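Read through the structure below, which is laid out as structure tokens, and then see the notes.
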Amino acid sequence: MEQNNQVIDNVIIKFAGDSGDGMQLTGTQFTNTAALFGNDLSTFPDFPAEIRAPQGTIPGVSGYQLHFGSVSIFTPGDECDVLVAMNAAALKANIRFLKKGGTIIANSDGFDHKNLRLANYADGANPILDGSLEGFRLVTIDVTKMTRAALAESGLGIKEIDRAKNMFVLGFLYWMYNRDMSATEKFLKEKFGKKPDIYDANLKVLRSGYNFGETSETAATRYTVNPAPMPAGVYRNIMGNQATAMGLIAASQKSGLDMFLGSYPITPATDILHELAKYKNFGVRTYQAEDEIAAICSAIGASFGGKLAVTTSSGPGIALKTEAMGLALMLELPLVIINVQRGGPSTGLPTKTEQSDLFQAIYGRNGEAPIPVIAARSAADCFETVFEACRLALEFMTPVIFLSDGYIANGSEPWRFPKADQLKEIEVNFTTENNNDGKYLPYKRDEKLSRPWAIPGTKGLEHRIGGLEKQHETGNISYDPENHEFMVKMRAAKVAKIADFVPNQTFDNGAEKGKLLILGWGSTYGPIKGAVIEARKKGYDVSHAQIRHLFPFPKNLGGIIKNFDQVLIPEMNSGQLLSIIRDKFLVDAIGLNKIKGMPFATGEILNKIEELLK
Amino acid sequence: METIQSPESPKLTSKDLVTDQEVRWCPGCGDYSILKQVQTVVPELDIPRENLVFISGIGCSSRFPYYMETYGMHSIHGRATAIASGLKGARPDLSVWIISGDGDSLSIGGNHFIHLLRRNFNVNLLMFNNEIYGLTKGQYSPTSEEGKVTKSTPMGSVDHPFNPIALALGSEGSFIARSMDRDPVHLKDMLRRANAHIGTSFVEIYQNCNVFNDGTFEIFTEKSNKKESTIYVENGKPLVFGQNADKGIKLDGFTPVIVNLTEGHSANDLWIHDEKDLVKAGILSRFFERPAEGSGHLPRPFGVFYENNRSCYEVGLNQQVEEAIAKKGKGNLDALLSGRETWEIK
Ligand SMILES: Cc1ncc(C[n+]2csc(CCOP(=O)(O)OP(=O)(O)O)c2C)c(N)n1
Ligand code: SF4
Ligand SMILES: [Mg+2]
């Protein structure tokens, strides 16, 4: 039939189904295809906490949101334009995130009696039949039936056939958005090449989905989303945890030190361990320890031995590492501590995102224990930020905390990746000569207040270090009161001095002086950026700065803040940066807080801007 | 741990291992003897001083590294084993010695202790067992006997103690030995054996805390009863003990029985110690009755209970790196960064 083709500048699709329905794969395939085509995009997977929550129920729903466009995209989007619902539970869980007038693509087979009951629909109610979805565009397809029909001759069992259902949906969406399917065809070849019958089946169903769009009358509209104007260069798609792993490897290469990762699995940080375990040929040694304490301690041992030492975890694991973080700080050994934050406290919300560990990072240790803290603002930014964390650790002989969170760890975006030779070298000089006429002084400081790194195996520089308070320069145990006060201040001064070696705070958008500054940190970057662009279009005087170096702050931050009438700090916590900024700069900053395990919607920030500037 | 030879470096002496730090243990503490034996044995091992690393946790015993003129780390309570694991994994070339107490290894560090033995890093673990928390001034420890009266257990401890040797065996330890501070000759011998073994060498050292637990091991150390209450096991030799070497131990099925060698039993009937025999090592580890429990009990064994050779974690860890490089070539950062799918925007 005759179809119209509409050009639009951005779309948000949410793929939702049972955790067994393959929605993550469907989402990532569509994402890769969109990326290769040149759209800007941002994604956000949303998995259930349980690996196999009961089938058909709301806790078992797995989602993947993709926002892509011919314009710049900063977030996975607030409400979606299209909701793919593979079953009743997927619809029920996600309908509130669908825009008024949005499209629902529903798999009618997932709305049978049993599925409706499991999704807690009232007896006799069936949203795809009873008109309750009025106000949305409903496209109902019996995906199961079509998939089975397509594979009737395949000789495969019903279970295997049904597993290909997601390909039908993917094919249909490719048709709807005028996409070339070759990247997915190539992917299927690589994934199932060794099982020709499964490969054939998936390919066939993918194409039937596409052809179904072509021939059926269900969806009368096709959409074109042109490539986005992005800075020239070569791009790839990247997820935050992947970027973190790569940043670490890059730092290892650029410092000339092999990397040692001590880690214990925990959501959402585990993928960094998985990722790094693949790259042994880069000299990476990954060590899955018996717990988080052993993980960080093994890394401290490796650091003592002269490696680039890293430990990765999330909130509960970081809590366990606390004592050893204090040790690393006393030893003044380089160590990168990665916290991919999740909802807390305690076990909290493992699969949901939050920024609630900032206080923990900055203050959460016994004694006065300053450790530099830096945070990544987006999936791709994890690369540069963790590279910076390694640089600080190695150049200043200190543990450094790198904060990411579940949102950017699993989210993805296009990345204009650097060339290896564009990355700065990280300078590491092991000490091999005695720095004293008498005995070697392990705590003699240089102009950065950093101490020398003499590793075991270096003749003549044998020395002992430990967690007890130590005498200035010699490192011998000291209980002298004057010395203790001196050393506490020295360790603080050393970390404070890092501010002399980090870039000044810059603005992401807006003037350097004005009515309202939005100050963000970490993964609130995308939503704030989007909101500020919108607000400025509407004529509001608002600027945006996103802080990477949270401790110590860039030296000019205080000055920047004082140039604005109002400062707004959106955070996915109850106001942690807010309280630090108020404390440090004595400004009456305002918080915008969301603690729902979900990132901010651009609209939420925009509303607040309008409220403040009305 | 094996010996790391370095022919060109001049021979170390005990003096070269003494630091400028004043040793701060209580006068009469068993730790002094252990330090002395270590400082005596290490120079014999032909390990360049710069390749020696002593890592300890927290406790009286854990002050040890400050008194050894080698590389060293006095870390945090219970974690020396974990730190040493990372160091050995990263630097297999080093000779790594862990110094720990009974509380440090078996209480707060129990988890790392069992996993170290299981992974079999090629390191030496010297556990100074004084059956008490020394540094915190005398609370019962996980090796203190039931009923032990201490400051934290004024009515006696209701806690059942660990049997460290049995625990080490259960943790898949590949070298398990016991010695004591009061027997320098034996202790030195065990240190040499520990160093020679490739894999985690666990040596439990009975150490007298003369301030908070004085005389706990007296029955094994004092001349008057030592011969009756201890047995020194040696590979290939029968289990003989007693004032006049007049008693032996025989296995009746799986049950050890004491026989009198003067009454018709000959040494040929006795249990011959075999360090490779895991089952027998298990039985031997259970010679663990408290000395107070009357005569006729089995003597406490000293020596190497068990030794076997199996692969060390750090070897596998580093082999995989080499294999990966051999197979895929040294990592290329540009290829890693670009990944498999890229697109260009002009
Ligand atoms: C995390 C932590 N908990 C508790 C302590 C206090 N503490 C120090 S040493 C010790 C026990 C020492 O006993 P042991 O390991 O047997 O060593 P010993 O002093 O007997 O040689 C305790 C409880 C500490 N330093 N750190
Ligand atoms: S308290 Fe006991 S173990 Fe500690 S130094 Fe004194 S005697 Fe030795
Ligand atoms: Mg003790």
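The values are calculated or read from the model by the stated rules, or taken from the named source; none is laboratory data. Keep in mind the model is a prediction, meaning the values are calculated, not measured. Quick reminder, even Gly has a Cβ in these numbers, built from the backbone with ideal geometry, and neighbours come from all protein chains shown. The protein model used for the area step is the full one, side chains on, heavy atoms only, and it has no ligands, DNA or RNA in it. Shrake-Rupley method; radii C 1.70, N 1.55, O 1.52, S 1.80 Å.
See the values below:
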item	result
Selection within the stretch B:206-247 - within 16 Å of ligand 2 (Cβ to nearest atom) and either exposed (fewer than 14 other Cβ atoms within 10 Å of the Cβ) or closer than 18 Å to B:PRO164 by Cβ (or both)	B:TYR206, B:GLN207, B:ASN208, B:CYS209, B:ASN213, B:ASP214, B:GLY215, B:THR216, B:PHE217, B:THR221
All positions within the stretch B:108-135 that are away from ligand 2 (no atom under 16 Å from the Cβ), aliphatic (A, V, I, L, M) and open to solvent by less than 10 Å² (accessible area, probe 1.4 Å)	B:LEU116, B:LEU117, B:VAL123, B:LEU125
Qualifying residue in the stretch A:318-339 (condition: within 16 Å of B:ILE76 (Cβ to Cβ), surrounded by fewer than 24 Cβ atoms within 10 Å (Cβ to Cβ), assigned by TED's automatic domain parsing to the domain that holds A:LEU392 and out of contact with any helix residue (DSSP H, G or I) (no Cβ under 9 Å at 6 or more places or on another chain))	yes
Check on A:GLU332, within 29 Å of B:GLY57 (Cβ to Cβ) and touching a His at 6+ places or on another chain (Cβ under 9 Å)	no
Scan of the stretch B:81-95 for residues that are facing another protein chain (nearest Cβ under 7 Å) and either open to solvent by 10 Å² or more (accessible area, probe 1.4 Å) or touching a residue at least 24 places away in the same chain (Cβ under 8 Å) (or both), ordered by number	B:ALA82, B:ILE83, B:ALA84, B:SER85, B:LEU87, B:GLY89, B:ARG91, B:ASP93, B:LEU94
Any chance B:GLY78 is open to solvent by less than 10 Å² (accessible area, probe 1.4 Å) and within 16 Å of ligand 2 (Cβ to nearest atom)	no
Residues (farther than 18 Å from A:PHE383 by Cβ and not polar (S, T, N, Q)) located in the stretch A:333-350	A:LEU333, A:PRO334, A:LEU335, A:ARG342, A:GLY343, A:GLY344, A:PRO345, A:GLY348, A:LEU349, A:PRO350
Which listed residue, of A:ASP46, A:ASP9, A:ASP40, is open to solvent by 50 Å² or more (accessible area, probe 1.4 Å), in contact with a Gly (Cβ under 9 Å, 6 or more places away or on another chain) and farther than 19 Å from A:LYS165 by Cβ	A:ASP9
Residues (within 11 Å of chain B (Cβ to nearest Cβ), open to solvent by less than 20 Å² (accessible area, probe 1.4 Å) and either among the β-branched types (Val, Ile, Thr) or assigned to a strand (DSSP E or B) (or both)) located in the stretch A:252-285	A:MET259, A:PHE260, A:LEU261, A:GLY262, A:VAL284
Some residue of the stretch A:375-398 being assigned to a loop (DSSP other than H, G, I, E, B) and farther than 22 Å from A:LYS254 by Cα	yes
Members of the stretch B:300-324 that are touching a Leu at 6+ places or on another chain (Cβ under 8 Å) and open to solvent by 10 Å² or more (accessible area, probe 1.4 Å)	B:TYR306, B:ASN308
Selected residue [surrounded by fewer than 16 Cβ atoms within 10 Å (Cβ to Cβ), more than 14 Å from chain A (Cβ to nearest Cβ), in contact (Cβ under 8 Å) with a residue 24 or more places away in the chain and closer than 30 Å to A:SER298 by Cβ] from B:LEU278, B:LEU251	B:LEU278
Among the candidates A:ASP405, A:ASP446, residue that is more than 11 Å from every other protein chain (Cβ to nearest Cβ), touching a residue at least 60 places away in the same chain (Cβ under 8 Å) and closer than 28 Å to A:ASP500 by Cα	A:ASP405
All positions within the stretch B:38-49 that are surrounded by fewer than 22 Cβ atoms within 10 Å (Cβ to Cβ) and away from chain A (no Cβ under 13 Å)	B:GLN39, B:THR40, B:VAL41, B:PRO43, B:GLU44, B:LEU45, B:ASP46
Qualifying residue in the stretch B:4-11 (condition: more than 10 Å from chain A (Cβ to nearest Cβ), touching a residue at least 24 places away in the same chain (Cβ under 8 Å) and closer than 17 Å to B:PRO184 by Cβ)	no
In the stretch B:50-65, residue farthest from B:MET190 (Cα to Cα) [restricted to those that are without any contact (Cβ under 8 Å) to a residue 40 or more places away in the chain and within 8 Å of chain A (Cβ to nearest Cβ)]	B:GLU50
Residue tally, condition in contact with a helix residue (DSSP H, G or I) (Cβ under 8 Å, 6 or more places away or on another chain), away from chain B (no Cβ under 14 Å) and under 20 Å from A:GLU395 (Cβ atoms), over the stretch A:449-475	2
Residues (more than 14 Å from ligand 3 (Cβ to nearest atom), under 17 Å from B:TYR206 (Cα atoms) and either touching a strand residue (DSSP E or B) at 6+ places or on another chain (Cβ under 8 Å) or not in a loop (DSSP other than H, G, I, E, B) (or both)) located in the stretch B:124-174	B:ASN124, B:LEU125, B:ILE165, B:ALA166, B:LEU167, B:ALA168
Count of residues meeting criterion [more than 25 Å from A:GLU332 (Cβ to Cβ) and of a type outside the set (Phe, Trp, Tyr)] in the stretch A:405-442	16
Test: residue in the stretch B:21-43 that is more than 16 Å from ligand 2 (Cβ to nearest atom) and touching a Phe, Trp or Tyr at 6+ places or on another chain (Cβ under 7 Å)	no
Matching entry among A:SER478, A:SER412 (being at pLDDT below 95, surrounded by 13 or more Cβ atoms within 10 Å (Cβ to Cβ) and within 13 Å of another protein chain (Cβ to nearest Cβ))	A:SER412
Sole exception among (1) assigned by TED's automatic domain parsing to the domain that holds A:VAL340; (2) more than 24 Å from A:PRO45 (Cα to Cα) for A:THR244, by number	(2)
Candidates A:THR147, A:THR103 - the one that is in a helix (DSSP H, G or I) and either open to solvent by less than 60 Å² (accessible area, probe 1.4 Å) or on the phi > 0 side of the Ramachandran plot (or both)	A:THR147
Test: residue in the stretch A:14-27 that is surrounded by fewer than 19 Cβ atoms within 10 Å (Cβ to Cβ) and either of a type in the set (Asp, Glu) or under 25 Å from B:TRP343 (Cα atoms) (or both)	yes
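This table checks each residue for (1) away from ligand 1 (no atom under 16 Å from the Cβ); (2) within 19 Å of B:GLY199 (Cβ to Cβ); (3) polar (S, T, N, Q).
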position: B:SER14; (1), (2), (3): yes, no, yes
position: B:ARG24; (1), (2), (3): no, no, no
position: B:LEU35; (1), (2), (3): no, no, no
position: B:VAL38; (1), (2), (3): no, no, no
position: B:TYR71; (1), (2), (3): yes, no, no
position: B:SER75; (1), (2), (3): no, no, yes
position: B:VAL96; (1), (2), (3): yes, yes, no
